[in-house]
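To start, the structure itself, in structure tokens.
The values are calculated or read from the model by the stated rules, or taken from the named source; none is laboratory data. It should be emphasised that the depicted structure is a prediction, and the values quoted were computed from it without experimental measurement. Cβ atoms come from the backbone with ideal geometry, glycine included; neighbour counts cover every protein chain shown.
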Amino acid sequence: MTWQKQGLSQIIEQLPVGVAVTLRDGAIKYANPRLARLLALSETELARRSLTELRRATHAAPAEEIRQSLLAGQPWQGESQFRTQSGETCYVLESAYPLRDEAGTITHFVHFLQDVSTLKHAEALHRLAFYDGLTGLPNRNLFNDRLARAIAGARRSRSGFALLYIDVDRFKRINDTLGHEAGDEFLRQLAARLTQSLRKSDTVARWGGDEFVAILDHVADAWLAARAVEKLLAACSGDYDLAGHQVRVTLSVGISLYPRDADKSSALLKCADETMYRAKAAGRDGYVVEQRRASYYRAA
């Protein structure tokens, strides 16, 4: 038993995860060397601190939520954020458990903290590269990848899909009259409506400014594409609450079909873009479906 206790102590000291034993109020009674390195504090400094005060206040893992769970005798697991000595944020996956004395009273908590900061930073870089910072939608880079995949998949299955080019009618008026913050808020609201109006298998992205693009998966028929766009216009055109004002907004949409109208990404996008401008020229607030010899317009 003595060897087991000594071995356990050595294991905890060498674990590649941070370990802390705290009192019920969060005061640290023990911290292994890994936790000291994780938070860039000496073991002596850690012994004078509270784990609670080292946490960053986040909705993902509020300190009081963790404490109450442990006091109720329930373990807690989730993502937490801690502040290092230099002020940087350390992201961890935390598992915490209540410890009881011989009488069954909860006297301490033990915390295991796995550093996932590198992973979080990689995720952040990925979002910057492939997602629009304002709306959270896929950006042009990710959409181009999705479009290439859609073409490859449709070619293999000998099927098709529709590509939409969506533009906000007179968007400049929102920025000019209500300000750019209202314009940004509108784009966020529109992005949410666009996402809700399409299927999970579809892709909608912010192309730039007030322009959006979408792929309607396995919609290769002009009539089906038109019905889908009518549903989209019904959901996304209309009144928006911006800066305390009700603003009525309409959209113009161009539709191209793979493989009928084009079999390459650039040509398919150009076709949808051109038909969107035909919708604007025809009076806005509607859509145009590209045809081989002609196009038609239908008001929303």
Handout entry: Any hit, region 117-137, residues being in the same structural domain as Ala27 (by TED's automatic domain parsing), on the phi < 0 side of the Ramachandran plot, in contact with a His (Cβ under 8 Å, 6 or more places away or on another chain) and surrounded by 13 or more Cβ atoms within 10 Å (Cβ to Cβ)
Key = no
Practice task
Report, ordered by the first and then the second residue, all pairs with beta carbons closer than 6 Å, sequence separation of six or more or different chains, a first member in region 12-28 that is in the same structural domain as Gln68 (by TED's automatic domain parsing) and in a strand (DSSP E or B), and a second member that is surrounded by 14 or more Cβ atoms within 10 Å (Cβ to Cβ) and of a type in the set (Ser, Thr, Tyr).
Solution key: Val21/Tyr30; Ala27/Ser50; Ile28/Thr22
Problem - Residue among Arg67, Arg170 that is surrounded by fewer than 18 Cβ atoms within 10 Å (Cβ to Cβ) and among the basic types (Lys, Arg) - result: Arg170
Exercise for the section: Consider Ala228 carefully, then state whether it is touching a residue at least 40 places away in the same chain (Cβ under 8 Å) and of a type outside the set (Phe, Trp, Tyr). Expected result: yes
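Of all residues in region 225-259, which are among the hydrophobic types (A, V, I, L, M, F, W, C) and either more than 22 Å from Ala214 (Cβ to Cβ) or assigned to a helix (DSSP H, G or I) (or both)? Before the answer, list the steps.
The first filter runs over region 225-259 and keeps only residues among the hydrophobic types (A, V, I, L, M, F, W, C), leaving 225-226, 228-229, 232-236, 242-243, 247, 249, 251, 253, 255, 257.
Within region 225-259, Ala225, Ala226, Ala228, Val229, Leu232, Leu233, Ala234, Ala235, Cys236, Leu242, Ala243, Val247 qualify.
Against the condition out of contact with any Gly (no Cβ under 7 Å at 6 or more places or on another chain) and either over 27 Å from Pro259 (Cα atoms) or not in a loop (DSSP other than H, G, I, E, B) (or both), how does Leu113 come out, does it pass? Walk me through how you get there before you give the answer.
Numbers: out of contact with any Gly (no Cβ under 7 Å at 6 or more places or on another chain): no; either over 27 Å from Pro259 (Cα atoms) or not in a loop (DSSP other than H, G, I, E, B) (or both): yes.
In short, no.
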Problem - Selection count where residues are surrounded by fewer than 17 Cβ atoms within 10 Å (Cβ to Cβ), more than 19 Å from Arg206 (Cα to Cα) and without any contact (Cβ under 8 Å) to a residue 40 or more places away in the chain, scope region 247-266 - result: 1
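Just to be sure before I move on: is Gln196 in contact (Cβ under 8 Å) with a residue 40 or more places away in the chain, polar (S, T, N, Q) and not in a loop (DSSP other than H, G, I, E, B) in the structure I sent?
On the way: in contact (Cβ under 8 Å) with a residue 40 or more places away in the chain: no; polar (S, T, N, Q): yes; not in a loop (DSSP other than H, G, I, E, B): yes.
Here the answer is no, as Gln196 does not meet what is asked.
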Exercise for the section: Among the residues of region 205-219, count how many are crowded, with 24+ Cβ neighbours inside 10 Å and more than 15 Å from Leu268 (Cβ to Cβ). Expected result: 2
Fill in the blank from the handout: Over region 124-140, the set of residues touching an Asp or Glu at 6+ places or on another chain (Cβ under 9 Å) and either in a helix (DSSP H, G or I) or of a type in the set (Gly, Ala, Ser) (or both) is Phe130, Arg140
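Determine, yes or no, whether Gly254 is assigned by TED's automatic domain parsing to the domain that holds Ala154, over 14 Å from Tyr165 (Cβ atoms) and more than 26 Å from the chain's Cα centre (by Cα). Steps first, answer last, please.
Values: assigned by TED's automatic domain parsing to the domain that holds Ala154: yes; over 14 Å from Tyr165 (Cβ atoms): no; more than 26 Å from the chain's Cα centre (by Cα): yes.
Judged against the criteria, Gly254 is not a match.
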Problem - Hits in region 45-84 - residues which are in contact with a Ser or Thr (Cβ under 9 Å, 6 or more places away or on another chain), over 16 Å from Phe109 (Cβ atoms) and in contact (Cβ under 8 Å) with a residue 24 or more places away in the chain - result: Arg56, Glu79, Gln81, Arg83
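Can you spot a residue in region 33-44 that is assigned to a strand (DSSP E or B) and either crowded, with 16+ Cβ neighbours inside 10 Å or touching a residue at least 60 places away in the same chain (Cβ under 8 Å) (or both)?
Among the residues of region 33-44, not one is assigned to a strand (DSSP E or B) and either crowded, with 16+ Cβ neighbours inside 10 Å or touching a residue at least 60 places away in the same chain (Cβ under 8 Å) (or both), which makes the answer no.
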Exercise for the section: Go through Arg56, Arg49 for me and flag whichever is basic (Lys, Arg) and under 18 Å from Leu23 (Cα atoms). Expected result: Arg49
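Results for (1) out of contact with any Leu (no Cβ under 8 Å at 6 or more places or on another chain); (2) at pLDDT 95 or above; (3) farther than 16 Å from Pro138 by Cα, shown as yes or no for each residue.
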| position | (1), (2), (3) |
| --- | --- |
| Asp167 | no, yes, yes |
| Ala182 | no, yes, yes |
| Glu185 | no, yes, yes |
| Leu194 | no, yes, no |
| Gly208 | yes, no, no |
| Phe212 | no, yes, no |
| Leu216 | no, yes, no |
